[in-house]
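Each remark here refers to the structure printed beneath this line.
The values are calculated or read from the model by the stated rules, or taken from the named source; none is laboratory data. Since the model is a prediction, treat every value here as computed from it, not as a measurement. Cβ coordinates were reconstructed from backbone atoms using ideal geometry, including for glycine residues, and neighbour counts include every protein chain displayed. Areas reflect the complete protein model, heavy atoms only, side chains present, ligands, DNA and RNA absent. Shrake-Rupley method; radii C 1.70, N 1.55, O 1.52, S 1.80 Å.
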Amino acid sequence: MTDQTKSANTMWGGRFAAGPDAIMEAINASIGYDKRLYAQDIAGSRAHAAMLAAQGILTHADAEAIGAGLLQVLAEIEAGDFPFSAALEDIHMNVEARLKEVIGEPAGRLHTARSRNDQVATDFKLWVRDQIDAAISGIEALQKAFLAQAEAGADWVMPGFTHLQSAQPVTWGHHMMAYVEMLGRDAGRFRDARARMNECPLGAAALAGTSFPIDRHATAHALGFDRPAANSLDAVADRDFALEFLSAASICAMHLSRFAEELVIWSSAQFRFVRLSDGFSTGSSIMPQKRNPDAAELLRAKLGRILGANVALFTVMKGLPLAYSKDMQEDKEQVFDAADNLMLGLAAMTGMVRDMTANRDILEAAAGAGFATATDLADWLVRSLNLPFREAHHVTGALVALAEKKGCDLADLTLAELQSGHPGITQDIYSVLGVHNSVASRTSYGGTAPDQVRAQLGRWKEKLG
């Protein structure tokens with residue numbers, strides 16, 4: 001029997017005489033990925049040791065030795081000098097085993113009044129909380145990149161689409177601000193999840209609490225939680241915080257994917273609405289003229305991984321009885337992968353938005369295509385001639401058909417031709433048929449008029465600081 005197997009058996013206690021074989025060791029070990037929790041694990045252990053000493057459960061000398069030893073272990077891990085062992089299964093036992101080598105017998109007292117069940121729940125929750133803070137920062141950086149684009153083009157006109165068909169003219173700034181709003185909701189979801197998850201599992205022990213006179217409020221406060229979790233069963237069985245993180249990440253990634261899709265379309269030779277920077281484009285191995293929007297295409301695909309992680313963890317959790325089951329070891333890899341890809345996606349999209357160049361002239365030329373001011377014509381008929389909207393819609397449709405037949409835009413029809421649709425039409429109709437007139441008229445709150453765009457810009461700039 002190897003020394004590592006002996007260590008594993010010691011960890012499990014005298015109940016198991018034979019060590020696990022290689023297959024069992026491989027399926028049971030999580031150190032290959034949960035070593036990412038080392039900082040949170042050590043922070044939780046230091047808080048636990050300090051509380052045990054304050055409650056008279058540990059001597060202050062033992063607690064000080066444990067605290068100092070844990071800092072040494074932390075330094076070794078951060079320096080890359082720590083020998084992680086699969087035989088010790090996870091980050092918790094790897095840290096504890098090394099702590100024993102560093103300080104000796106007092107290390108064995110650290111696990112008093114806790115279990116790996118509440119320990120891992122605490123570590124994981126701390127890690128997810130840190131990741132939420134990072135995601136919010138990344139979202140806000142991307143919002144600022146969109147704000148810069150919106151401010152530069154608050155009065156530039158472009159086509160607004162429904163069904164990817166030209167619908168009504170909008171401003172470039174208005175389109176950019178739509179994503180600022182989406183991302184604002186994303187940040188709000190992460191903040192909501194953070195507030196809801198900020199209850200500390202530590203002290204729930206295996207599932208039933210402990211008979212030791214611990215102070216769970218003290219450890220919760222030391223680790224930045226609002227309060228201890230109120231039910232020990234729920235504390236160790238809960239992974240809602242990870243599911244909420246993945247759900248918010250999935251929605252955020254979906255928003256990134258939607259804009260990535262627009263960038264792929266807009267940067268094509270057929271649209272030429274934007275030019276992506278060289279830093280976020282690639283060439284072709286055979287076609288020298290190509291500029292491929294690979295970063296945007298990869299961002300579209302990232303949603304699949306993040307949404308897949310969400311589904312995977314829901315599947316792990318959906319049938320588990322209370323409290324802890326080993327299935328829950330499969331909770332971390334998906335979250336780690338989703339978090340990595342979300343942060344990469346936010347950084348890449350921030351770079352693309354910051355560096356992209358909008359082709360103002362091409363946007364404006366496209367803004368009036370497809371009879372985009374038809375709704376303005378219908379609205380004029382309602383306002384000026386008091387027609388019911390349905391009748392105005394019919395008149396406008398007939399005039400669109402006439403312009404289509406003549407191969408011109410609505411603004412190119414003569415007054416006599418317009419009056420063939422309705423005799424009450426006057427020369428004033430031309431004031432609403434230009435794309436700039438169209439966007440300027442959309443002054444309702446949240447509309448595309450440049451003044452409305454600038455008002456929303458000011459609101460968000462103040463909010464983001």
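Before moving on, here are some points about what is shown:
- Of the residues in the stretch 112-119, at least one is surrounded by fewer than 22 Cβ atoms within 10 Å (Cβ to Cβ) and assigned to a helix (DSSP H, G or I).
- Looking only at the stretch 148-191, residues that are aromatic (Phe, Trp, Tyr) and within 18 Å of the chain's Cα centre (by Cα) come to 2 in all.
- Considering only residues in the stretch 327-354 that are open to solvent by 60 Å² or more (accessible area, probe 1.4 Å) and either in contact (Cβ under 8 Å) with a residue 60 or more places away in the chain or touching a Cys at 6+ places or on another chain (Cβ under 8 Å) (or both), the one that is nearest to residue 136 (Cα to Cα) turns out to be 347.
- Enumerated helices (runs of 4 or more DSSP H) restricted to the stretch 388-457, each holding at least 2 residues that are more than 26 Å from residue 175 (Cα to Cα): 389-406, 415-419
- Scanning the stretch 192-205 for residues that are open to solvent by 40 Å² or more (accessible area, probe 1.4 Å), out of contact with any strand residue (DSSP E or B) (no Cβ under 9 Å at 6 or more places or on another chain) and either part of a loop (DSSP other than H, G, I, E, B) or within 12 Å of residue 227 (Cα to Cα) (or both) returns 195, 196.
- Any hit, the stretch 366-387, residues being closer than 26 Å to residue 134 by Cα, outside any loop (DSSP other than H, G, I, E, B) and free of Cβ contacts under 8 Å to residues at least 60 places away in the same chain: no
- Any hit, the stretch 193-212, residues being at negative phi and under 14 Å from the mean Cα position of the chain (by Cα): yes
- The lone exception for residue 127 - which of (1) over 27 Å from residue 64 (Cα atoms); (2) touching a Lys or Arg at 6+ places or on another chain (Cβ under 9 Å) it fails: (1)
- Assessment of the stretch 242-253 against the conditions (in contact with a helix residue (DSSP H, G or I) (Cβ under 6 Å, 6 or more places away or on another chain), aromatic (Phe, Trp, Tyr) and modelled with pLDDT under 95) yields no matching residue.
- Against the criterion of being touching a residue at least 12 places away in the same chain (Cβ under 8 Å) and either open to solvent by 80 Å² or more (accessible area, probe 1.4 Å) or on the phi > 0 side of the Ramachandran plot (or both), residue 240 qualifies.
- Matching option when the condition is modelled with pLDDT of 95 or more, farther than 20 Å from residue 127 by Cα and either touching a Ser or Thr at 6+ places or on another chain (Cβ under 8 Å) or open to solvent by 70 Å² or more (accessible area, probe 1.4 Å) (or both), among 58, 70, 88: 58
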